[in-house]
Amino acid sequence: QFGRTEVIDNTLNPDFVRKFIMDYFFEERENLRFDFYDVDSKSPNLSKHDFLGQMFCTLGEIVGSQGSRLEKSIVGIPGKKCGTVIVTAEELGCCRDSVLMQFCANKLDKKDFFGKSDPFLVFHRSNEDGSFTICHKTEVVKNTLNPVWQAFKISVRALCNGDYDRTIKVEVYDWDRDGSHDFIGEFTTSYRELSRGQSQFNVYEVINPKKKGKKKKYVNSGTVTLLSFLIETEVSFLDYIKGGTQINFTVAIDFTASNGNPSQPTSLHYMNPYQLNAYGMALRAVGEIIQDYDSDKMFPALGFGARLPPDGRVSHEFALNGNPQNPYCHGIDGVMEAYYRSLKSVQLYGPTNFAPVINHVARYAASVKDGSQYFVLLIITDGVISDMAQTKESIVNASKLPMSIIIVGVGPAEFDAMEELDGDVVRISSRGRFAERDIVQFVPFRDYIDRSGNHVLSMARLAKDVLAEIPEQFLSYMRVRGIKPSPAPPPYTPPIHVLQTQI
């Protein structure tokens, strides 16, 4: 149980006020259940009250609905209409602000025997238990008692955890080559004080408690002055989703002969009646999370590396549902069904070519560059890639488009070439042109398989890792193109119910 709303008396159309703050992760499936009760007594025990029904959803479903507002039927009492519930989500603003600050100091204590001090500042935020955590260090300014440090940017969350009145402690040190930096002094402030900007309130005396205790005439060890304070609000992934950007999900499945004969249990495509094969697990793990952000829930599903009936021609981008004009399947269940159906009708063949399916999605992505849609292609493969040069070329071209590519390697093969496509270590290039941004995430599925055989855990781990980079890849596309989020639709206001009185 995460929490309870307040009780609203005598109404069938309550508008609850209490908000619940939860952590949100795009890459995780966060399941929620809402239970509704009619309160009959003061007892905190739920069994003492009448159950009115419940609603199940994921946090992604609420966030991914238009305007982050989800309307859903309440269920749970057989044969009875239990009404509907409306849930809205909003991102907390304070966590998204960053601050650009600049400081200088005057007449700091001289600590070095030869020459002046080499001062730098260390910022600490205070924690709930009174301890301090370091959150920023400035650069060292050499040989001066009146340094001006460069402006630096820090998130408000890192500086004070979003609490404007929490103490921020700043220490001033004299840098020494051997690492035994000399303490000059310290002062405390808060985000609220700093936000007044350059003013007499933001000139701080640097105090060294030891000196203060020893010397009667001690005034201070110099002063530190805030020169500027600028707040920048970062736009977030959710701002775009709330403004209506849709994430389109396409699947491409490897039907090459190296997967093994699908009728044999050793095949990676084996259809075990009792559990999903590796392809099915990877597909569900990623698809079930992304589908929350796609309003029509229609997903194109492609296959590559197979011979198709009736004439046995080899294809590297065929529709799993058998309809090249309309390769869309309804929901992840529809994709799974089309995958199982095509396994029965096509002949596994080869080679392993990625470029055709990448170019297929790129054609769609190239037609909507206004930020209203973003495309995610999931390629599930068992192996060694045959068209490396063409694939690199298509990835470099796609890096300019609103798309990301996830490659999941299944089976025991060596995936060295895939690591190269991933581009995390070395940015991918083709014929002297480098990718504009990193859009490929590769993972071998075997790294995520839970040793105890818990497939739910394996799938959650896989999804977490392959989807974690998507929001940042999405934002980097929008930033480079200067695309701002569309305004969210106006918030929901409940209809006013007229109270009818009996005469």
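The values are calculated or read from the model by the stated rules, or taken from the named source; none is laboratory data. Quick caveat, the model's predicted, so the values are computed rather than measured. Backbone-built Cβ (ideal geometry, glycine too); neighbour counts: all protein chains shown. What goes into the accessible areas is simple: the full protein's heavy atoms, side chains included, and nothing from ligands, DNA or RNA. Shrake-Rupley method; radii C 1.70, N 1.55, O 1.52, S 1.80 Å.
Using Cβ point charges alone (K and R +1, D and E -1), the dipole size of the chain about the Cα centre works out to roughly 1380 debye.
With Cβ to Cβ distances under 15 Å as the rule, what net charge do the other residues near residue 110 carry (K, R +1; D, E -1)? Here the count lands on -1. Net charge dipole, the stretch 1-91: roughly 340 debye, given to the nearest 20, about the Cα centre with Cβ charges of +1 for Lys and Arg and -1 for Asp and Glu.
Working from label points 7 Å from Cα in the Cα-to-Cβ sense, the residue 98 to residue 34 distance is 3.5 nm. Taking only the C-alpha atoms of the stretch 97-233, Rg followed by Dmax gives 14.8, 47 Å.
At 1.4 Å probe size, with the rest of the protein present, what percent of the exposed accessible area of the chain is carbon and sulfur atoms? Carbon plus sulfur share of accessible area: 52 percent. Compared with the alpha-carbon gap, the fully stretched path from residue 25 to residue 46 is longer by 4.5 nm at 0.36 nm per residue.
Peptide packing for 329-339, 358-368 was compared via the average number of neighbouring C-beta atoms within 10 Å per residue; ordered from the highest value, the list is 329-339, 358-368. Shown is the FRET efficiency for residue 113 and residue 218, computed with R0 = 22 Å from the Cβ-Cβ distance and rounded to the nearest 0.05: 0.55.
Between residue 154 and residue 481, the simple label model (points 7 Å from Cα in the Cβ direction) yields a spacing of 3.6 nm.
Return, ordered by residue number, the residues of the stretch 336-367 whose backbone nitrogen is under 19 Å from a label point located 7 Å along Cα→Cβ of residue 413. 343, 346-359, by backbone N distance to the label point.
Ordering 432, 272, 203 by the projection of their Cα atoms onto the charge dipole of the chain, which places +1 on the Cβ of Lys and Arg and -1 on the Cβ of Asp and Glu, puts 203 at the extreme positive end. Summing charges over neighbours of residue 340, with a neighbour being any other residue whose Cβ is under 14 Å away from its Cβ, gives +1 when K and R count +1 and D and E count -1. Note on the stretch 246-481: percent of Cα-Cα distances in each 5 Å bin, starting at 0 and stopping at the bin with the largest distance, equals 1, 7, 15, 20, 21, 18, 11, 5, 2, 0. Please give the helix 455-467 orientation as an angle from the longest Cα principal axis of the chain, in degrees from 0 to 90, rounded to the nearest 10. For helix 455-467, the angle is close to 60 degrees. With contributions of -39500 (n - 2.57) from each DSSP H run of at least four residues, the per-residue ellipticity at 222 nm computed over the chain stands at -6500 deg cm²/dmol. Net length available on complete extension from residue 88 to residue 1 is 29.4 nm, with 0.36 nm assigned per residue and the Cα-Cα distance removed. A dipole drawn for the stretch 246-481 from +1 and -1 charges on Cβ atoms has a positive end, and of 423, 448, 474 the residue lying farthest that way is 474.
Couplings 3J(HN,Hα) for the stretch 469-483, derived from phi with the Karplus relation 6.51 cos²θ - 1.76 cosθ + 1.60 (θ = phi - 60°), are 7, 4, x, 5, 5, 4, 5, 5, 5, 5, 4, 4, 8, x, 8 Hz, where x marks Gly and Pro.
Which part of the stretch 79-116 falls in the paramagnetic zone of residue 205, meaning amide N under 18 Å from the point 7 Å along Cα-to-beta-carbon? Under cut-off, by backbone N: 105-110. The angle between the Cα long axis of helix 278-290 and the main principal axis of the chain comes to about 50°, on a 0 to 90 degree scale.
In this structure the amide hydrogen of residue 58, modeled in the peptide plane, comes within under 5 Å of the amide hydrogens of 32, none closer than 5 places in sequence on its chain.
Spin-label pair residue 330-residue 10: with each label point 7 Å from Cα along the Cα-Cβ axis, the two points sit 4.6 nm from one another. What length, rounded to one decimal in nm, is gained on full extension from residue 73 through to residue 56, with 0.36 nm per residue of separation minus their alpha-carbon distance? Separation in residues times 0.36 nm, less the Cα-Cα distance, equals 5.2 nm. Between 0 and 90 degrees, the angle of helix 355-367 with respect to the longest Cα principal axis of the chain falls at about 70 degrees. Taking the charge dipole of the stretch 97-233 about its Cα centre, with +1 at Lys and Arg Cβ atoms and -1 at Asp and Glu Cβ atoms, the residue from 100, 172, 133 reaching farthest to the positive side is 172. With the convex hull drawn over the C-alpha atoms of the stretch 264-361, the volume per residue is 110 Å³.
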